[in-house]
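The values are calculated or read from the model by the stated rules, or taken from the named source; none is laboratory data. Since the model is a prediction, treat every value here as computed from it, not as a measurement. FYI the Cβ positions are ideal-geometry reconstructions off the backbone, even for glycines, and counts take in every protein chain you see.
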Amino acid sequence: MTESTHPGPELVGAPPPPDPPAEERPAAAGPEEPSGALVQPSFLFFGLVAGASLLVDVMTKAWAQLELSKRLLSDPSIVLIEDHLFFTLAYNKGGAWGLLQTADEGIRKPFFLAVSVLAIAFIVSLYGKLSRHQQALKWGLPLVLGGALGNLSDRVVRSSVIDFIDYRADWILAMNKLIASAFPNWGVTDHWPTFNVADISICVGVGLMAVDMFTSRRGAAAEPVGAPVPGADFNEKPGVIASPAGSDAVATGEGAPVVGGNGAARDPSASQNPAVTEASAGNGAERTDRGAPAA
């Protein structure tokens with residue numbers, strides 16, 4: 001009997017070819033970062049904006065106290081816009097709109113100090129959780145922080161806040177009349193409470209926070225339902241489940257062929273040991289273990 005020279009089918013379950021050298025392998029592209037992913041914010045930018053806001057507030061208050069305190073009681077204001085905008089020195093022991101103005105010092109000062117410290121801690125914590133698209137908060141939070149620090153420094157140094165920007169307008173009078181119609185004890189005047197640069201920074205910062213809240217909700221509503229998951233491969237052939245290269249562990253669905261690490265189809269019912277004798281259908285020949293002659 002002569003040994004058959006017919007090139008029978010390739011052994012099922014043969015070991016995969018060796019992997020190419022590392023320098024010849026194509027570089028795997030990592031998954032793209034989602035647009036709303038958290039990023040490390042720049043605390044340098046945060047400190048610069050907050051510091052600039054604080055510096056402008058402190059300098060303008062110092063100027064107001066030096067210059068406006070010299071004016072006579074008969075002419076206490078510097079007129080910028082006739083009947084509308086003035087510089088007038090005032091000291092506010094309370095909060096906005098004179099909140100706790102007449103309260104006892106032992107209650108008022110600890111209360112405002114505690115509120116300021118909590119607000120500062122919240123602002124710093126929130127800034128550390130910003131995402132890439134929250135540009136309004138990136139500016140708004142340090143502006144609020146600078147204003148809060150400016151008014152806090154006044155309360156620590158002199159137990160009151162220096163205000164000097166004085167504004168009057170007809171629309172303020174109309175607004176106060178409307179409020180007084182619902183609350184009879186409300187004072188009707190065309191005068192807006194005197195404020196300072198720190199108050200401006202806080203109001204602008206809070207406005208930017210509101211803009212961020214509005215734009216974030218619109219962005220979430222506009223996000224398509226069922227958007228593709230980053231890194232998902234939708235070109236995979238149905239019914240074939242690939243195993244990692246060089247791995248003998250495979251997973252299949254019912255009736256699905258198994259793809260090994262070298263891309264060849266493998267019969268899940270066949271033995272995983274290439275040394276075990278297997279029959280090749282269609283050529284009538286049998287291949288045996290190593291070193292055994294073929295019939």
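Data for the structure
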| quantity | calculated |
| --- | --- |
| Qualifying positions in the range 26-61 - over 27 Å from residue 216 (Cα atoms), out of contact with any strand residue (DSSP E or B) (no Cβ under 6 Å at 6 or more places or on another chain) and at pLDDT 95 or above | 51, 52, 54, 55, 56, 57, 58, 59, 60 |
| Selection status of residue 60, assigned by TED's automatic domain parsing to the domain that holds residue 161 and assigned to a strand (DSSP E or B) | no |
| Filtered residues of the range 100-150 (kept if part of a loop (DSSP other than H, G, I, E, B) and either touching a Ser or Thr at 6+ places or on another chain (Cβ under 8 Å) or not β-branched (Val, Ile, Thr) (or both)) | 100, 101, 103, 104, 128, 129, 130, 132, 133, 134 |
| Residue under evaluation residue 93, criteria (1) touching a residue at least 40 places away in the same chain (Cβ under 8 Å); (2) out of contact with any Ser or Thr (no Cβ under 7 Å at 6 or more places or on another chain), criterion not met | (2) |
| The range 161-216 - residue that is among the aromatic types (Phe, Trp, Tyr) and exposed (fewer than 13 other Cβ atoms within 10 Å of the Cβ) and, of those, farthest from residue 88 (Cα to Cα) | 214 |
| Scope the range 168-199; condition in contact with a helix residue (DSSP H, G or I) (Cβ under 9 Å, 6 or more places away or on another chain) and free of Cβ contacts under 8 Å to residues at least 24 places away in the same chain; matching residues | 186, 187, 188, 189, 190 |
| Complete set of residues in the range 112-160 that are of a type outside the set (A, V, I, L, M, F, W, C), more than 20 Å from residue 65 (Cβ to Cβ) and surrounded by 18 or more Cβ atoms within 10 Å (Cβ to Cβ) | 127, 134, 138, 140, 142 |
